[in-house]
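> First, the structure itself, so that you have it in front of you.
The values are calculated or read from the model by the stated rules, or taken from the named source; none is laboratory data. Computed from a predicted model, the values in this text were never measured in an experiment. Methodologically, a virtual Cβ is constructed for each residue, glycine included, from the backbone with ideal geometry; neighbour enumeration extends over all protein chains shown.
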Amino acid sequence: MDLDDFPDGVIIAGPDGRVTYVNDRVRRLARAEGDEMIGMPLDEALPFDDLRGHTWMECMRPYDGLATRRSITEQSWYSPRGSEYLITASLVRDVPGGAVQQVVLSIRSARARNARDRERSDLVATVAHELRSPLTGIKGFTATLLSKWDRFSDEQRQFMLETVDADADRLTRLITELLDAARLDAGRLTLKRGPVRLNTVVGGVLRSIQAGTAEPSWTADLPEVPVIWGDEDRLVQVLTNLVENAMRHGHGLRRIAVAEASHDGVPGVRVDVIDQGPGIPVEARPRVFSRFWRAGPGAGSGLGMYIVGGIVSQHGGQVDIDDAPGGGAAIAVWLPVNEPDALTD
C-alpha cells in the first residue's frame with residue numbers, strides 16, 4: 001500500500017532522530033513542498049504540544065526510556081495553529097531490547113472523535129433530563145404526603161398517589177425504551193418468533209387505547225390476512241407506538257388498515273396508520289427514525305420511532321412515511337411472512 005493514499009499523516013524517523021519519510025497528508029498539514037522535511041529533526045517536523053508548552057518529543061522521548069517499549073499510546077496534541085490531533089507511534093528495534101531504529105508516527109485529526117464525544121454528552125444530557133422530570137414529580141408528591149399527610153383529604157391523597165403512579169409508569173416506559181435502544185445499538189435485540197395475525201394484534205391495540213378515550217374517531221379495516229412469523233409482543237410495541245403517536249402528535253388517529261401486500265415479490269402484510277395532523281415534512285422524514293428525534297411540543301423521549309424502525313428491520317420489514325390523501329401523515333409498516341421452512345415442507 002502506498003502511504004500517500006493513507007488517510008492519516010505518517011512520519012518516519014531514523015535512529016538519529018531525523019525524518020526519513022513523510023506522506024502527502026503530512027506535507028499538506030505542514031504546508032511543505034517536495035522533500036524539504038526529509039532530514040529535519042523530528043522535534044522540528046512534529047511541533048505539537050499539550051497547550052502547556054510541553055512538546056510531544058519532550059514528553060514521549062521515543063528514543064529513551066524502557067528498552068522493552070514498542071509503542072506510544074494515542075494522545076491528543078495541538079498544532080501551532082491550535083488544531084487538535086491524535087498522535088500515536090510505533091518504536092522499531094532490530095532486536096528485543098535494542099536501540100530504536102525507527103519511529104513511525106501516525107497523526108490524525110481529532111474532529112471525528114470530538115464529534116462522537118459531543119454526541120455522547122448530548123445523549124447523557126437528554127437521558128438525565130427525561131429521567132429527572134418524572135422523578136421530580138414522584139419526589140415532590142411523596143415528600144409532601146410524608147410531611148403533611150393529615151392536612152389532606154382522602155380525595156387529595158388519592159390524586160397525589162395516582163399522579164405518583166402515573167409518573168412511575170412513565171419512568172418505567174422510559175427505562176424500557178432506553179434499554180431497547182441500547183440493545184438495538186449493540187445488535188442484541190432478540191425476537192421470540194411465532195405465528196402472528198396482524199389484524200388481531202391491531203384490534204387488540206385499538207381496544208386497549210379506546211378503553212382510555214371517549215368515542216373513537218377513527219375507522220379500522222381489519223380483514224383476515226396471512227399469518228406472519230414474528231415476535232407478537234414486539235409488534236404490539238410497534239403498533240402501540242404508532243397509534244399513540246397519531247393520537248398525541250397527529251391530532252388524532254384517522255384510519256388504520258391491514259392488508260395483504262407483497263414487496264419485491266416477497267409475500268407479506270402491510271399496516272397503514274393515518275393521522276389527522278399536518279403531516280411530516282419531506283426533509284424531516286429521514287431523521288424520524290433517528291435516536292432522540294423530536295418534533296413539536298409535548299414530544300416524548302424521542303426513542304419511540306427509533307425503536308419502531310429497529311424492530312421492523314429485525315423482522316426483515318420496512319417502514320415508509322408519506323402524505324395521506326386528504327392530509328395527515330401516512331405511516332406504512334410492511335412485514336414479510338417469514339414462515340419457517342419447516343412449516344412449508
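> Report yes if ALA324 is crowded, with 16+ Cβ neighbours inside 10 Å and touching a Gly at 6+ places or on another chain (Cβ under 6 Å), otherwise no.
Working: crowded, with 16+ Cβ neighbours inside 10 Å: yes; touching a Gly at 6+ places or on another chain (Cβ under 6 Å): no.
The answer is no for ALA324.
> Could you tell me which numbered condition PHE289 fails, if it satisfies all but one of (1) buried (at least 20 other Cβ atoms within 10 Å of the Cβ); (2) out of contact with any Asp or Glu (no Cβ under 8 Å at 6 or more places or on another chain); (3) among the aromatic types (Phe, Trp, Tyr)?
(1)
> Given the conditions (1) surrounded by fewer than 17 Cβ atoms within 10 Å (Cβ to Cβ); (2) more than 21 Å from ARG111 (Cβ to Cβ), which single one is not true for ILE12?
All conditions pass for ILE12, except number (1).
> Hey, can you tell me all the residues within segment 157-205 that are touching a strand residue (DSSP E or B) at 6+ places or on another chain (Cβ under 8 Å), in a helix (DSSP H, G or I) and of a type outside the set (Val, Ile, Thr)?
Result: LEU198, ASN199, GLY203.
> Does segment 60-106 hold any residues that are among the small types (Gly, Ala, Ser) and part of a strand (DSSP E or B), and which are they?
Correct list: SER71, SER76, ALA89, SER90, SER106.
> So which pairs qualify, if the first residue must be in segment 55-81 and loosely packed, with under 11 Cβ neighbours inside 10 Å, the second must be not in a strand (DSSP E or B), the Cβ gap must be under 9 Å, and the two must be at least 6 apart or on different chains?
Listed by first residue and then by second, the contacts come to THR68/PRO96; THR68/GLY97; PRO80/PRO47; PRO80/PHE48.
> Picking from SER208, SER217, which residue would you name as being in a loop (DSSP other than H, G, I, E, B), among the hydroxyl-bearing types (Ser, Thr, Tyr) and in the same structural domain as ALA257 (by TED's automatic domain parsing)? Reasoning before the result, please.
Working: SER208 fails: in a loop (DSSP other than H, G, I, E, B).
Exactly one of SER208, SER217 is in a loop (DSSP other than H, G, I, E, B), among the hydroxyl-bearing types (Ser, Thr, Tyr) and in the same structural domain as ALA257 (by TED's automatic domain parsing), namely SER217.
> Quick test for you: out of ARG52, ARG25, pick the one residue that is buried (at least 17 other Cβ atoms within 10 Å of the Cβ) and among the charged types (D, E, K, R).
Numbers: ARG52 fails: buried (at least 17 other Cβ atoms within 10 Å of the Cβ).
Exactly one residue qualifies, and that residue is ARG25.
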